[in-house]
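One structure is given below, encoded as structure tokens.
Every number here is computed from the coordinates shown, using simple stated rules; none is lab data. Here the structure is a predicted model, which means the values were calculated and not measured. Reconstructed Cβ throughout: ideal geometry from the backbone, glycine too, with neighbour counts over all protein chains shown.
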Amino acid sequence: MAEKVLTVGGGGREHAIVDALARSGANVCAVMKNRNPGIARLAKDVLLVKETDVAKVVQYARDRSIDLAIIGPEAPLEAGLSDALRDAGIGVVGPSKKAARMETDKGFARSLLANHGVPGNLRFGVFDALGPAIEFAKEADFQLAVKPVGLTGGKGVKVEGEQLKDKDETLSYIKEVFDRSIGGVGVVLEEKLVGEEFTLQAFVDGTRVVPMPLVQDHKRAFEGDLGPNTGGMGSYSLQDHLLPFVSKDDLALAMESMRRTVDALSKEDCVYQGVFYGQFMLTSKGPRIIEFNARFGDPEAMNVLPLLDSNFVDICHGIANGNLSNSNVSFAPMATVCKYVVPTGYGLEPKANLPIEVDEKAIASEGAKVFYAAVSEESGRIMTSSSRAVGVVGIAPDLERAEASCERALKHVKGEAIYVRHDIGRKEIIERKVERMRAIRGLCT
Ligand code: AMP
Ligand code: GLY
């Protein structure tokens, strides 16, 4: 009989998760706050409920005799959902609340890396009071990134020389974080890194760390990497599973950081079982850790999951049971380009609640896939919200063709107030990143 798998979450990332599960023959029961039309269609059953309502989700999982659960977003991890499901005897892909502090508590994360000497960490201070934080910032002889300790939906981090013009603005932002309790109480102040960012995601079964293809996300709202930070406007990956500016040696160093972190978590009695997400900055001194997340990235999940050649249900069992095998995880040697269709003004003042038309058949005929995100289906119409609407992913043997397929497919998404960063995955922006990285590395030698 087909495996009964519970998924938690209703975004583009979770649509990609449900799609991969369905391809692997699972019977999916999906829990989400709003009805994602893509997930609803693939799932055998749906419960619309707040994803952090632990009691209701666990009851639903019991009622449906669920074998295995996959938790998409970070909020339910912080609410203790993975622990409660495990206590109910269900296998879970998603770390415990304690282990998820790698994402939910930036102070815990930096301190763990420092205490265990994990390579790739950087100079930092963790503060739960304003006075010492201001003192540290004034004395630091390097530029700073200011990070509220808790979850801010990717919008709380500000960096000197970027969102913060100078030291004065840095000091007043630190004060604002404390005054307004942005992301809880406390702040991490850390060294500003200069380089190119990349994402390394891995399946982790408590000890083994099995990597997925590298991805580069684009957080800035506008073309040319300008404008405010967003949840991510789109992303690409290459057929060799590296990136144009990331070598095998760089990848090996990033993997070492991930392995050492998973070991450190085990030693601190926080065994990690789930998807582990490493955001790295490739600098003149090699890869440095920007942050770890306790889940798939969004959009990054939409790049890697469609390439998975292996059975995803088997991988999830391996994670949940602590017996994941490297040889059971393989990804097609293809390139992907994902571009998110977002409401006009996303990141600033989005124009929400407007209809869009998505011609799924036409998108498939262009060799692309579409994943629904923050939209709702009302009387047969797809309506946007203030957040990302649909992810369109072109998949092809090389980047150029993947980008072209994504662009052709995007023409089959229509609406009056939608915006796409068309530069993602294009030669010009990638060449600029490669050049920039060369210059950064050259300066150091
Ligand atoms: P986070 O929410 O930690 O992913 O941070 C959001 C964005 O801020 C990252 O994607 C980076 O672009 C930037 N950022 C975070 N930490 C640093 C840092 N130490 N140095 C430079 N940029 C950073
Ligand atoms: N793409 C960034 C994230 O998922 O955190």
- Residue farthest toward the positive end of the dipole of the chain, with Cβ of Lys/Arg at +1 and Asp/Glu at -1: which of MET302, GLY107, PRO95? MET302
- Springs between alpha-carbon atoms under 10 Å, Gaussian network over the chain: tell me which of VAL54, VAL341, VAL375 tops the mean-square fluctuations. VAL54
- Message: Let's see if you can work this out: charge +1 on each Lys and Arg Cβ, -1 on each Asp and Glu Cβ, no other charges. What is the dipole magnitude of the chain about its Cα centre, in debye to the nearest 20?
- Response: 280
- Using the charge dipole of the chain (Lys, Arg: +1 at Cβ; Asp, Glu: -1 at Cβ; taken about the Cα centre), state which of GLY425, VAL392, ALA439 has its Cα farthest towards the positive end. VAL392
- Cα gyration tensor shape of region 68-198, rounded if a/c is under 1.5, else prolate or oblate by comparing a/b with b/c: prolate
- Message: Can you compute the radius of gyration and Dmax for region 199-257, using only the Cα atoms, both in Å?
- Response: 13.6, 40
- Placed amide H near VAL92: partners under 5 Å, 5+ positions off or other chain: ALA69
- Message: Rounded, prolate or oblate for region 1-94? Axes are the square roots of the Cα gyration tensor eigenvalues, ordered a ≥ b ≥ c, and the cut-off for rounded is a/c under 1.5.
- Response: oblate
- Gap in Å between the Cα centre of region 87-143 and the Cα centre of region 357-380? 38
- Message: Just want the ordering: THR336, THR152, from fewest to most Cβ atoms lying within 10 Å of their own Cβ.
- Response: THR152, THR336
- Name the residues whose placed amide hydrogens come within less than 5 Å of the amide hydrogen of ILE418, ignoring near sequence neighbours (fewer than 5 apart) on the same chain. THR344
- Item | Rounded to whole Hz, the Karplus (6.51, -1.76, 1.60) HN-Hα couplings of region 230-243, x for glycine and proline | 10, x, x, 9, x, 7, 9, 9, 10, 5, 8, 6, 9, 10
- Message: Please state the shape class of the chain: rounded when a/c is under 1.5, otherwise prolate if a/b exceeds b/c and oblate if not, all from the C-alpha gyration tensor.
- Response: rounded
- Message: Placing unit charges on C-beta atoms (Lys and Arg positive, Asp and Glu negative, everything else neutral), compute the dipole magnitude of region 355-413 about its Cα centre in debye, rounded to 20.
- Response: 60
- Task: Could you line up GLU416, GLU197 from fewest to most neighbouring Cβ atoms inside 10 Å?
- Result: GLU416, GLU197
